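Student: Take a look at this one; I'll ask things after.
Derivation of every value follows stated rules applied to the coordinates shown; laboratory data play no part. All of these numbers come straight from a predicted model, not from anything done at the bench. Positions of Cβ are backbone-derived with ideal geometry, glycine not excepted, and every protein chain shown enters the neighbour counts.
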Amino acid sequence: MPGGSFRSAAPGYAPGGDGPTVNTDGEVNTDDNASMDDEASTGDEASTGDERPARAGWPGGHGVWFAPGRANLMGEHTDYNEGLVLPFALAQGVTASVTRRDDGLLALRSKQMTDDVVTVPVSGLSPASVRGWAAYPAGVAWALRSEDVPVPGATIEIDSDLPVGAGVSSSAALECSVALGLCEISGVAMSRRALAAIARQAENEFVGAPTGIIDQHASLLCEAGHAMLLDCATRSISQVPFRPSAAGIVTLVIDTRVTHALVSGEYGRRRAQCEEAARQLGVPFLGQVTSVAGVSRLDDPVLRRRARHVVSDSARARAIASALDSGGTPADIYRYIGELLAEGHASLRDDFEVSWPEADIAVDAATGAGAYGAKMIGGGFGGSVLALVPAERIAAVRTAVTEAFAARSATPPEFMDATPSAAARRLA
Ligand code: GLA
């Protein structure tokens, strides 16, 4: 069996076996590239290798901040269940140019939404008082003020090379770039973890999308050349080396061009089902269930399947992190990860029921054309698929996916290289 040498490095998890043992201390031994520390400031010294000091208290009036989108190798819908996730930051993201103003107004513009300029008094912000794309930056200003950050008026100009509704976290990238900028022009230093919580609060309470914590953590805390194993219960982070290109592998995002909306009901329904399953199992969150066998006590077959997905996806996240950290042969490691991606996709499709036809088509076509494995990423019901593809098969994979879409008269897919990249940072 290829990869047998590191299968054993995935503690407590054997695919197809009894299921995982999820250890909630979140510590998987990784390389010497330590996780970003909680006291990291909001400035430009993040994981980028940039050694300039943070500018806490910077009274200046203008700056430009970038925050990346993310792809998630494994652990979908596990974040709000306090399980494990394994995202990496993309090179693509959102840029926020933030200029302080003294009239107390927040003016929001986007290069992608030129006919939708929003101007509101900062002091008048309240949940749902702003709609559409501008709700995300406005929500961040509101959430910061609710934490007593004296956010002044500001003009914020947004630019983005992330597709919206494509499951690559454009919303969190928008929130996090703005959060960094607003904090700094307010003269306040905040840890990146605190900022992630602020950004999530904006999304949950101001925008009204009941999402978990993975996206904001990924955007603010991932490191270049790494995937980040995050234990959503303890918030402990392990940065795991992840450099597919060094092994001749392309991590390809296939945007199926079916857009999703997390404020729509299905995401919230899945969340409620997980909460009910946890309640029936007598645990606060499904992330505390340590083996797939542990969900068999659930009488309701739907709740049982939902819970099985959450528990098994957390275990797969840990197994991939362990494999990446195992020092095995890259081809074996990536073949093994590919198998887990296939399992993860099947689990999302059959147990959690959040996949959509174009995602299944993309997964099948990519795998049939030589990808090691592929899975949908993000909340589901639209968005993207992530495929691990040997570089020599990349043209064949793109062609196969494009032709499979054409054969079903689906909107042509778009492709994006997904290079594990650095977290949010100040650009200028
Ligand atoms: C969306 C949410 C996340 C997470 C994923 C599914 O991206 O924003 O919090 O729940 O779906 O893994």
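Student: Where Rh denotes the Kirkwood radius from the mean inverse Cα pair distance, what is Rg over Rh for segment 57-163?
Tutor: On the Cα set of segment 57-163, Rg over Rh gives 1.02.
Student: Using a Förster distance of 25 angstrom, determine the FRET efficiency expected from the C-beta separation of Arg145 and Arg235, and round it to 0.05.
Tutor: The pair Arg145/Arg235 has a calculated efficiency of 0.55.
Student: While we're here: Would you mind pulling out the separation of the Cα centroids of segment 143-162 and segment 110-140, in Å?
Tutor: Taking the Cα centre of segment 110-140 as reference, the centre of segment 143-162 is 10 Å away.
Student: A further question follows. Which number comes out as Rg/Rh for segment 271-405 once both Rg and the Kirkwood Rh are worked out on C-alpha atoms?
Tutor: Rg/Rh: 1.03.
Student: Continuing with the same structure: Nearest 10 degrees, 0 to 90: what angle lies between the long axis of helix 330-346 and the longest principal axis of the chain (Cα atoms)?
Tutor: The two axes meet at around 80 degrees.
Student: Give me the compactness ratio for the chain, meaning the Cα radius of gyration over 2.2 N^0.38 Å.
Tutor: Here the answer is 0.94, to two decimals.
Student: Between Gln112 and Glu392, what is the spin-label point distance in nm, taking each point 7 Å from the Cα along the Cα→C-beta axis?
Tutor: Placing both labels 7 Å beyond Cα along the Cβ direction yields 3.7 nm.
Student: So how tilted is helix 357-368 from the main axis of the chain? Cα-based, degrees 0 to 90, rounded to 10.
Tutor: 60
Student: Still on this model: Translational diffusion coefficient, Stokes-Einstein: compute it for segment 146-250 using the Kirkwood radius over C-alpha pairs as Rh, at 25 °C and 0.890 mPa s, and state it as an integer in µm² s⁻¹.
Tutor: 161
Student: If each residue of separation counts as 0.36 nm, what is the full-extension length gain between Leu105 and Thr155 once their alpha-carbon separation is subtracted?
Tutor: This chain segment gains 17.2 nm when fully extended.
Student: With both bridge residues required to lie in the chain, what share of the DSSP beta bridges run antiparallel, to the nearest 5%?
Tutor: 90
Student: Given a Förster radius of 51 Å and the C-beta distance between Ala293 and Leu427 as r, what FRET efficiency does 1/(1 + (r/R0)^6) yield to the nearest 0.05?
Tutor: Plugging the Cβ-Cβ distance into 1/(1 + (r/R0)^6) gives 0.55.
Student: Using the Karplus curve 6.51 cos²θ - 1.76 cosθ + 1.60 with θ = phi - 60°, what ³J(HN,Hα) values do you get for each residue of segment 200-210, in whole Hz, with x for Gly and Pro?
Tutor: Whole-Hz 3J(HN,Hα) from phi for segment 200-210: 5, 4, 4, 5, 6, 9, 8, 7, x, 9, x.
Student: Between Asp300 and Arg408, what FRET efficiency comes out of the Förster formula 1/(1 + (r/R0)^6) with R0 = 51 Å and r the beta carbon distance, rounded to 0.05?
Tutor: Once the sixth-power term is evaluated, E becomes 0.90.
Student: Continuing with the same structure: Taking 10 °C and 1.306 mPa s as the conditions, I'd like the Stokes-Einstein D for segment 83-126 in µm²/s, using the Kirkwood hydrodynamic radius from alpha carbon pairs.
Tutor: After rounding, the answer is 116 µm²/s.
Student: What relative contact order, as a whole-number percentage, does the chain give when Cα pairs under 8 Å and 6 or more residues apart are counted?
Tutor: For the chain, the relative contact order is 26 percent.
Student: Further, regarding this structure: Go through 319-330, 210-221 and give me the packing order, highest mean Cβ count within 10 Å leading.
Tutor: 210-221, 319-330
Student: I would also like to ask the following. Work from the charge dipole of segment 154-202 (Cβ charges, +1 for Lys and Arg, -1 for Asp and Glu, about the Cα centre) and give the residue of Ser160, Ala196, Val178 farthest towards its positive end.
Tutor: Ala196
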